[in-house]
1. Taking DSSP loops as anything outside H, G, I, E and B, show the longest stretch in the chain free of chymotrypsin sites (Phe, Trp or Tyr not before Pro) there with at most 16 other beta carbons within 10 Å.
2. Please name whichever of Val30, Phe98, Thr108 sits farthest to the positive end of the charge dipole of the chain, dipole taken about the Cα centre and charges placed at Cβ: Lys and Arg +1, Asp and Glu -1.
3. Fewest Cβ neighbours within 10 Å first, please rank Ser8, Ser193 accordingly.
4. Could you list Thr89, Thr179 so that the one with the fewest beta carbons within 10 Å of its beta carbon is first and the one with the most is last?
5. Using a cut-off of 12 Å between beta-carbons, work out the net charge of the residues near Asn172 (Lys and Arg +1, Asp and Glu -1, Asn172 not included).
6. To the nearest 20 debye, what charge dipole does the chain have about its Cα centre, counting +1 at the Cβ of each Lys and Arg and -1 at the Cβ of each Asp and Glu?
7. Tell me what the chain gives for mean residue ellipticity at 222 nm when only DSSP H runs of n ≥ 4 count, each as -39,500 (n - 2.57), the sum divided by the residue total, rounded to 500 deg cm²/dmol.
8. Given DSSP loops and a limit of at most 16 other Cβ atoms within 10 Å, what is the longest stretch of the chain that contains no such trypsin sites (Lys or Arg not before Pro)?
Amino acid sequence: MKFIKKISEKLVPKFEKGGKYEKFFVLFEVVDTFFLTPAIRTVRGPHIRDKIDSKRFMMTVVIALFPAIFMGMYNIGYQAFLAKGITATLFDCLWEGFLVMLPVIIVTYVVGLGWEILIAYIRGHEINEGFFVTGILFVLVLPPTIPLWQVAVAVTFGVIIGKEVFGGTGMNIFNPALTARAFLFFTYPGKISGDKV
């Protein structure tokens, strides 16, 4: 890590105000805090004084969601094989569910993080890590057969209206994942609840 820290210390002046690449500070900060813990810590007040920042805290939440993710993958695969009348192993069900969930996860993160980066760039703030959790929660509440364009539209709505309008991570009054899900439910009810409801 000392090697990475030395590289980071050399690059910081180029990305700070007045530096050659100051426009890209937001992206540099994301990479920098991914590899290194921030040097800023609380000094007063009733706060825990450790090196964990919100990025690392959010990643523990994502790790805690792994059992739900795997159960969701298994259930999607199991239901698919059950509908076909095929008996499948645990691995087969997980693999089938993974193949169904992967495009939804990719679209969710590409669109959601794209909006997060764009808005952070416009505001001149650092990129918040909250979307790592929001993105996976959103994927877990979607039906597996949802069209990908609806995923992109809903994520856009959830990030902009459910989160960024109120000031970003920690200031939103609605859960962005559930805001996106509610948007889908009220805009495309046939795709969310099924045509027979």
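Just so you know, all these numbers are worked out from the coordinates, no wet-lab data involved. All figures in this text were calculated on a predicted structure; none of them were measured in a lab. Every residue, glycine as well, gets a Cβ built from its backbone with ideal geometry; the counts of neighbours run over all protein chains shown.
1. 22-173
2. Val30
3. In increasing order of surrounding Cβ atoms, one gets Ser193, Ser8.
4. Listed from fewest to most nearby Cβ atoms, that is Thr89, Thr179.
5. Surrounding charge for Asn172 is 0.
6. For this selection, approximately 600 debye.
7. When only DSSP H runs of four or more count, the value is -21500 deg cm²/dmol.
8. 52-195
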